[in-house]
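Right, one structure below, let's go through it.
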Amino acid sequence: MESSAEGASRGTTRRRSPHLRAAVEKKEEPAVEKKEEPPQETKKKQSRSPKRLGRSVEESQNPVFREVINFKPTPLPVRNYDKVTTEPVSFYLSSLEELLAWTPGSDDAFNIAMIPLAERQPPLQSQRPRTLLCHDMKGGYLGDRFIQGSMTESPYVFYHWQCIDIFVYFSHYTVTIPPVGWTNAAHKHGVSVLGTFITEWTEGGRLCEKFLSGDPSSYKKVADQLVRIAQFFRFDGWLINIENTLSMAAVGNTPSFLRYLTDQLHQQVPGGLVIWYDSVVKDGKLLWQNELNGNNSVFFESCDGIFTNYNWNEDHLKRMAYSGVRKEDVYIGVDIFARGNVVGGGFDTNKSLDLIRKYGLSAALFAPGWVYECLDNENFFQNQDRFWSLLEQYLPTHSICSLPFVTSFCLGLGTRRFSYGQEETIGPWYHLSAQEIQPLYGNHKQESESGKVRIHSCLMDAWNGGSSVLVHGTIPSSTAKVSVRLFSLKVPAPPKIYLSLIYKLEERPDITVALELSTLDVGRCNIGGISALHGPSNRHTPRPLHVPPARLLKWVGRCNQQFNGGWIHRCYEVTLQNCFLQDIFVSFTRPLGSQEEENFICRLGEIQVVDANSLMTPLYQVRDLTASHTCWHRIHSDVHRFQTKLLLSCTLYWSYLLPHASGFRIYHQGGNYARRKEVLDSEEPTFLGLAHANMYRVVNLEVEEAPAGQDYFVDFLVQPIPKEGFLVPDVEWGRLTLLYSKPSA
């Protein structure tokens with residue numbers, strides 16, 4: 001569960017954070033007298049907050065603010081916040097007027113993608129068939145619109161990112177801005193994200209006349225706004241979908257509009273894309289062609305590619321394949337719902353892919369949510385894995401190209417939340433920005449035909465987040481071990497790397513579990529501290545450490561030991577020279593002396609691959625923590641009919657170098673200010689939610705009532721999560737104290 005609003009209103013159970021006792025040293029901060037206005041320099045630092053909460057009582061590393069409870073409404077921008085809960089939400093623009101009037105505001109920052117587009121191999125620009133995925137589900141902006149997460153139960157989630165190149169978020173609003181959670185999840189996996197600009201039917205025709213039928217300044221204003229939006233929110237371009245007839249004046253200007261938009265986007269958004277949907281033809285008629293031909297080529301030639309309609313056949317593909325066009329920029333539409341006269345959809349989508357790849361063309365898979373919308377949700381993960389396994393041979397695996405590489409396999413959802421192997425909150429949660437890099441799911445072939453390994457995601461237990469990877473395997477009597485290739489990499493290896501594996505055996509605890517790597521060119525690659533496994537795989541098994549190296553002690557408390565809950569931690573340090581890391585495997589070896597077939601189930605919790613030298617870099621600190629947009633509510637208790645509860649909402653802001661973080665964990669604790677030291681010494685902070693920006697909206701947090709004449713307090717703590725994945729000491733966290741009291745008589 002991520003959203004404090006829903007936790008307060010729907011009763012999600014929160015637990016004390018299990019790892020904080022070791023990480024957080026409680027320090028007494030004495031109450032101080034209320035000071036005058038802070039100096040001008042301090043006020044300038046905090047000017048990004050439109051409305052500052054109260055007045056600072058103590059300007060220090062732990063700022064303290066005083067607030068007198070009042071129940072006056074605090075207006076918030078309608079487009080940025082849910083009108084019921086005031087949670088920050090992703091938004092769309094419904095009209096041309098809204099698009100032209102848009103200017104970025106401070107509250108829009110919630111929707112800026114924190115994760116830049118990761119490098120991957122092969123790159124998008126390479127001349128090869130590509131795969132575009134167009135997400136269209138029930139009009140869009142469902143539970144995914146809640147930027148800080150929601151309590152959506154059994155939501156749709158996509159996690160086969162290694163199979164695709166481009167992700168389009170589609171809806172029928174004029175300007176569809178992708179919800180930031182999708183952009184963050186896609187970018188982690190190196191997948192470009194496009195929004196949608198759409199006009200439809202009679203109203204769409206009128207809209208197009210306004211900006212396409214006049215002089216160039218009209219369409220340039222629209223294009224400039226689309227570029228600014230993509231640049232500001234940090235996604236990668238647009239699908240342009242004009243599904244209405246155009247006047248001759250409007251259709252005559254459309255190629256110029258596309259060229260200008262594409263040129264401007266390429267200048268402002270590195271790697272940006274503009275793709276045209278096959279609908280209008282060169283004379284302005286709405287006439288889907290189901291191919292690239294002379295009727296629509298003028299639009300294709302003015303942008304980065306075309307997404308064809310779905311009712312094609314093999315003859316259409318032949319004509320395109322032999323026409324000499326940029327084949328990789330022609331995305332053949334495949335409706336997974338199989339509407340109309342199509343080759344194949346649903347679990348027969350592979351029939352369409354087979355023909356498309358036969359002619360070397362790219363594919364655009366429309367509405368992959370079919371597996372969620374049309375099949376039994378109880379078997380969603382099995383159906384999703386089955387669907388993508390049928391397409392696997394047509395979708396080459398993409399490789400990770402940078403370090404650090406850290407994942408705890410979280411899907412961005414769960415039925416509970418785990419932290420360091422311990423249950424932290426109970427109840428469903430959905431937060432796509434929390435999704436971590438996903439492995440290669442499905443069945444994995446073994447050298448021995450009778451050896452079997454299958455992996456799938458599991459929500460029952462996790463090391464961090466809401467899910468882990470469950471490995472089911474059989475070690476046949478004819479071989480000593482089986483293995484599973486989890487990740488493909490193409491990473492120039494630094495001289496020394498630190499690796500870590502966290503796992504637990506659900507059955508057969510005497511099975512040996514080990515991390516293995518392969519290198520791209522073992523002939524020129526010098527590896528120290530590794531015993532090589534001979535054969536064409538160029539695979540190597542690092543020796544696990546029993547004690548972390550001295551320079552890693554501040555990060556790694558122990559190696560080769562067992563945690564509560566049965567989790568086991570293995571860590572390794574490997575020296576390399578002139579190497580490319582190619583693959584990460586986990587192997588499973590039969591017990592010593594065993595000669596029989598062995599079945600096992602192993603749960604994988606986390607894998608880390610980190611440049612050891614990067615751990616010498618000084619840690620960054622959360623600074624300048626402040627708050628704004630405070631709001632108080634009093635509601636009747638759900639349990640005691642005649643009692644009320646006091647609820648606090650506010651927005652936290654802080655400074656931190658975002659390229660060095662993968663996110664932030666937000667905590668709170670509070671009570672009577674006179675007992676603050678006792679509270680901090682005896683109680684652990686409570687997890688509130690995750691942030692993927694330098695801001696977080698606290699929504700309807702239940703706090704203790706302050707009796708007349710007494711000060712009560714709430715402390716907010718911001719814990720950075722470094723990209724290396726280690727636990728940051730509390731001295732680098734941010735802390736803000738809010739003192740509150742009733743108004744005087």
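Things worth noting here:
- Rounded, prolate or oblate (a/c below 1.5 giving rounded, otherwise prolate when a/b exceeds b/c) for region 206-330 by Cα gyration tensor: oblate
- Computed over neighbours whose Cβ is under 11 Å from that of THR199, the net charge equals -2, Lys and Arg +1, Asp and Glu -1.
- A cut-off under 13 angstrom between Cβ atoms defines the neighbours of GLY360, and their net charge, with Lys, Arg +1 and Asp, Glu -1, is +4.
- For region 662-720 versus region 574-653, the gap between their alpha-carbon centres in whole angstrom: 20 Å
- Prolate/oblate/rounded call for region 376-456, Cα gyration tensor, a/c under 1.5 rounded: prolate
- Highest to lowest packing among 378-385, 459-466, scored as the average C-beta count within 10 Å: 459-466, 378-385
- The charge dipole of the chain, taken about its Cα centre with unit charges on the Cβ of Lys, Arg, Asp and Glu (plus for the first two, minus for the last two), comes to roughly 1020 debye.
- About its Cα centre, the dipole of region 655-745 is roughly 280 debye, where the only charges are +1 on Lys and Arg Cβ and -1 on Asp and Glu Cβ.
- Solvent-accessible surface ranking, highest first, for PHE347, PHE405 at 1.4 angstrom: PHE347, PHE405
- A cut-off under 14 angstrom between Cβ atoms defines the neighbours of TRP102, and their net charge, with Lys, Arg +1 and Asp, Glu -1, is -2.
- Computed with the Debye formula from one identical point scatterer per Cα of region 405-506, without solvent, the log10 of I(q)/I(0) at q = 0.20 Å⁻¹ comes to -1.06.
- Cα lying deepest toward the dipole's positive end in region 630-690, options ALA661, THR630, VAL679, charges on Cβ: THR630
- Using a probe of 1.4 Å, the accessible surface attributed to TRP654 totals some 0 Å² when neighbouring protein chains are kept in position.
- Taking all protein chains as shown and a probe of 1.4 angstrom, SER518 keeps an accessible surface of around 0 Å².
- Extent along principal axes [Cα atoms of region 309-393; Å; largest to smallest]: 47, 26, 17
- With coordinates expressed along the principal axes, the C-alpha atoms belonging to the chain extend over 81, 77, 50 Å, beginning with the largest.
- Accessible surface, 1.4 Å probe, highest first, among residues LYS496, LYS138: LYS138, LYS496
- Its relative contact order, with pairs defined as Cα atoms under 8 Å and 6+ residues apart, puts the chain at 16 percent.
- Only Lys, Arg, Asp and Glu carry charge here, each on its Cβ (+1 for the first two, -1 for the last two); on that basis region 277-436 has a dipole of about 340 debye about its Cα centre.
- Equivalent ellipsoid semi-axes - Cα gyration tensor, region 579-624, angstrom: 39, 16, 10
- Over all directions, the projected convex hull of the C-alpha atoms in region 138-269 averages 8.9 nm² in area.
- When every Cα-Cα distance of region 92-199 is counted in 10 angstrom steps from zero, the calculated P(r) takes the values 13, 41, 34, 11, 0 percent.
- Dipole orientation for the chain: of the candidates ILE336, CYS208, CYS163, CYS163 has the Cα lying most toward the positive pole (charges on Cβ; Lys, Arg +1; Asp, Glu -1).
- Pairs exceeding a 30 Å alpha-carbon distance, out of LYS445/LYS504; LYS220/LYS285; LYS83/LYS677; LYS138/LYS504; LYS221/LYS285; LYS282/LYS318: LYS83/LYS677; LYS138/LYS504.
- At the listed q of 0.10, 0.22 Å⁻¹, the Debye profile of region 308-449, built from one uniform point per Cα, gives log10 I(q)/I(0) equal to -0.49, -1.34.
- Gyration tensor (alpha-carbon) shape descriptor, region 591-692, a/c threshold 1.5: oblate
- When only Cα pairs below 8 angstrom with a gap of at least 6 residues are kept, region 208-349 shows a relative contact order of 19 percent.
- Exposure ranking of HIS266, HIS629 by accessible area [1.4 Å probe, largest first]: HIS266, HIS629
- Accessible surface of HIS431 - all protein chains present, 1.4 Å probe, nearest 10 Å²: 10 Å²
The values are calculated or read from the model by the stated rules, or taken from the named source; none is laboratory data. Fair warning: this is a prediction, and the values are worked out from it, not measured in the lab. When we count neighbours, we look across all protein chains shown, and the Cβ atoms used for this are built from the backbone with ideal geometry, even at glycine. Surface accessibility is based on the protein's heavy atoms, side chains included, excluding ligands, DNA and RNA. Shrake-Rupley method; radii C 1.70, N 1.55, O 1.52, S 1.80 Å.
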